[in-house]
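A.B. asks: Before I ask anything, let me first share the structure, which is written out below as structure tokens.
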């Protein structure tokens, strides 16, 4: 890992990546001393990073002390997908009232990363609303959903078409078209929350991980 970053930033980036990638499985204890030894850091930046991640909802305080990673089961995933959809729709309506048919420009669409493209589109919409509370809530929920997003390609084989449809609907002048597309996007994931959570808990490799393992 690069050594030109301050210890806190290094610890935060490493822990967040390990949680998002599944290296630290949901519900696993995070041992401060072990992480400090792994990163060759003192325990102070590890504790500071865990405090930040606790604020983001990616780790939780354990009843016995210390921290455990968030265990995003089916019910929790459904609730967060529902809130994520509400945040996007509220922000879209705020922008609509302020700008009318003029909408904040969509970020460039990257065909090879449809999931990331959709995330950037939603983030652009929410950020453009100019409401810090809305933005903070959206970021927290979105970061937690990254734990299950990495498995979407295992269940859905049309992510590219879905992303292109959302981008197309966003550029249309008829607002209800995009709102309906956002609803379908989130309803689909709410319905699949159980399967996505099972993939997370079952340790099923993502397509990217399978490709790496196959090439090893």
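A.B. asks: Would you check if there is a residue in segment 30-44 being in contact with a strand residue (DSSP E or B) (Cβ under 7 Å, 6 or more places away or on another chain) and either modelled with pLDDT of 90 or more or not assigned by TED's automatic domain parsing to the domain that holds residue 176 (or both)?
C.D. replies: Yes: segment 30-44 contains one or more residues that are in contact with a strand residue (DSSP E or B) (Cβ under 7 Å, 6 or more places away or on another chain) and either modelled with pLDDT of 90 or more or not assigned by TED's automatic domain parsing to the domain that holds residue 176 (or both).
A.B. asks: A follow-up question, please. What do you reckon, is residue 53 buried (at least 21 other Cβ atoms within 10 Å of the Cβ) and assigned to a loop (DSSP other than H, G, I, E, B)?
C.D. replies: Spelling it out, it is not the case that residue 53 is buried (at least 21 other Cβ atoms within 10 Å of the Cβ) and assigned to a loop (DSSP other than H, G, I, E, B).
A.B. asks: Looking at (1) more than 30 Å from residue 181 (Cβ to Cβ); (2) assigned to a helix (DSSP H, G or I), which is the one condition that is false for residue 20?
C.D. replies: Checking residue 20 against (1) more than 30 Å from residue 181 (Cβ to Cβ); (2) assigned to a helix (DSSP H, G or I), the one that fails is (1).
A.B. asks: Do we have residue 38 as farther than 24 Å from residue 148 by Cα and outside any loop (DSSP other than H, G, I, E, B) here?
C.D. replies: yes
A.B. asks: Just to be sure I understand, how many residues within segment 1-33 are within 20 Å of residue 63 (Cβ to Cβ) and over 23 Å from the mean Cα position of the chain (by Cα)?
C.D. replies: Summing the residues that are within 20 Å of residue 63 (Cβ to Cβ) and over 23 Å from the mean Cα position of the chain (by Cα) in segment 1-33 gives 3.
Residue-wise test of (1) in contact (Cβ under 8 Å) with a residue 60 or more places away in the chain; (2) closer than 29 Å to residue 160 by Cβ; (3) within 19 Å of the chain's Cα centre (by Cα).
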site	(1), (2), (3)
44	no, no, no
48	no, no, no
54	no, no, yes
65	no, no, no
73	yes, yes, yes
83	no, yes, yes
97	no, no, no
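A.B. asks: So residue 27 passes all but one of these: (1) modelled with pLDDT of 95 or more; (2) not assigned by TED's automatic domain parsing to the domain that holds residue 141. Which condition number does it fail?
C.D. replies: (1)
Residues are listed down the side, and each one gets a yes or a no for (1) at pLDDT 95 or above; (2) surrounded by fewer than 18 Cβ atoms within 10 Å (Cβ to Cβ):
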residue: 131; (1), (2): yes, yes
residue: 135; (1), (2): yes, yes
residue: 148; (1), (2): no, no
residue: 155; (1), (2): no, yes
residue: 172; (1), (2): no, yes
residue: 178; (1), (2): no, no
residue: 182; (1), (2): yes, no
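The values are calculated or read from the model by the stated rules, or taken from the named source; none is laboratory data. These numbers come from a predicted model, not from an experiment. When we count neighbours, we look across all protein chains shown, and the Cβ atoms used for this are built from the backbone with ideal geometry, even at glycine.
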